[in-house]
Amino acid sequence: MTLDNTTNKTSKLWLNGQRLLPRGFLHLITDLRLAIILLLLIALFSVTGTVIEQGKPPSFYQANYPESPAILGFLSWKVIQLLGLNDVYRTWWFLVLIIFFGISLSACTFTRQLPMLKAAQRWKFYDKPQQFTKLALSAEFNLDQNNYASIEKLSNLLNDCHYKVFPEQQGLLYARKGIIGKIGPIIVHIGIITILLGSIWGALTGFVAQEMIPSGSTFKIKNIVTTGPFAVKPLALDWSVRVNRFWIDYTANGRIDQFYSDMSVLNARGEEVDHKKIFVNEPLRYQGITFYQTSWNIVGVKVQINNSPIFQLPMAEIDKRGKGKLWGTWIPTKSDLSSGVSLVTNDLQGTVSIYNSRGELITILRTGMSTEINGATLKLLDIVGSTGLQIKSDPGIIGVYTGFAILIFGVVISYFSHSQIWALQKDCRLYIGGKTNRAQITFEKEILYIFDQLDYSQEK
């Protein structure tokens, strides 16, 4: 961010002879200290929104942020929900901070940066030798009979150094370059304001949803976590999504390498209109809605007993108190349900462990294998996984990206030095001086080069 506080005078905004804003309010919102405080607050709460998980159900915060003992002595689930720290970026107070910061930047742009740009565009000649002594770099040269056209010679040198030389008057010269550097801070402000507007628009019109969908199922977006007041209603969409298949690739040592979801978008008639295999950091995007691969689960197992039809039994997660994950189910091996076995698995690699009613391991099966249990043939056909999807709609993201591009461009051109050079030829003397707002050493080298090219002897 580029803000300027070089003047003690508060600018006035006028329209048809009437002041638009009270002087005290204008002074407040253009104050550099206020802008810094607002920026720090926005950064602080943005960090909070990164550290504290966003958009989780209340049970998640109750489990992870208990009242006793509270984190840091005060941060409990009640405090999080009271202040809206579970959805920081959509709270009213965060939006107010962004709006106020945007107003401050806009006011600063109109009352300080634009007047400074206009002032930089104005120019005048120096017609008195005393004026050159106030410049950062200045020199005097004696003129002899062979160098009468000294101003013209200097003008040609400045043109070669890419200076814009303004129309000369008799014995006077003014030149400058790098005026674009004065536009840089204004472009930076425009970029920041565009980012803020995009963020606000996204918060008001976007939504976040989470779904856990079994492989082979078709769904519509229902489980909305957060939504803006003007967001599109997902249930009103005339299309749905089918998870054709979910699978996990494992490394040689059995660890998860990547998990994938093969997904199709279906129109109202059930016809496929889009298709993509998604994985972490490679989402599916359709009509402004993005489907991210975030997690997975095991929801069931497909088995066959003797020559029975294939049936799918649900599998429930077994609580291991943070020591990995297990899923299990119970299968009857007799028609009267008097006996049965438990099937337990910890991944989707197609292996289950079978335990009897006493908790003793009977055997281990892989997909497609069968075994004899209690006089019945049990065949393992498949382990059914489900994909965890985070679904987002953020219409303001284009504005945010555009703002970042403008911001980067503004920062780059802000590094252009605004350099100015004056010259006065009077009484057989040539006075040259100049100044710059940055890159002082480079400017000094450039001035010395120009001095060397002039065919005069410098008089100290």
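Summary of computed values
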quantity	calculated
Pairs with Cβ under 6 Å, 6+ apart, first in region 383-395 and of a type in the set (Lys, Arg), second surrounded by fewer than 22 Cβ atoms within 10 Å (Cβ to Cβ) and in a strand (DSSP E or B)	Lys392/Val208; Lys392/Thr290
Some residue of region 129-147 being modelled with pLDDT under 85, of a type outside the set (Ser, Thr, Tyr) and assigned to a helix (DSSP H, G or I)	no
Strands (runs of 3 or more DSSP E) wholly inside region 331-412 containing at least 1 residues that are modelled with pLDDT of 90 or more, closer than 24 Å to Ala252 by Cα and charged (D, E, K, R)	361-366, 376-393
Residue in region 101-108 that is surrounded by fewer than 15 Cβ atoms within 10 Å (Cβ to Cβ) and either among the basic types (Lys, Arg) or modelled with pLDDT of 85 or more (or both) present	no
Tally, over region 218-238, of residues that are buried (at least 17 other Cβ atoms within 10 Å of the Cβ) and not aliphatic (A, V, I, L, M)	4
All positions within region 294-321 that are hydrophobic (A, V, I, L, M, F, W, C) and surrounded by 12 or more Cβ atoms within 10 Å (Cβ to Cβ)	Trp296, Ile298, Val299, Val301, Val303, Ile305, Phe311, Leu313, Met315, Ala316, Ile318
Total residues in region 198-217, condition part of a helix (DSSP H, G or I) and buried (at least 20 other Cβ atoms within 10 Å of the Cβ)	4
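To keep it simple, each residue is scored yes or no on (1) out of contact with any strand residue (DSSP E or B) (no Cβ under 9 Å at 6 or more places or on another chain); (2) within 25 Å of Ile98 (Cβ to Cβ); (3) free of Cβ contacts under 8 Å to residues at least 40 places away in the same chain; (4) crowded, with 18+ Cβ neighbours inside 10 Å.
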residue	(1), (2), (3), (4)
Lys153	yes, no, no, no
Phe166	no, no, no, no
Ile187	yes, yes, no, yes
Leu196	yes, yes, no, yes
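The values are calculated or read from the model by the stated rules, or taken from the named source; none is laboratory data. These numbers come from a predicted model, not from an experiment. Note: ideal-geometry Cβ built from the backbone for every residue, glycine included; neighbour counts use all protein chains shown.
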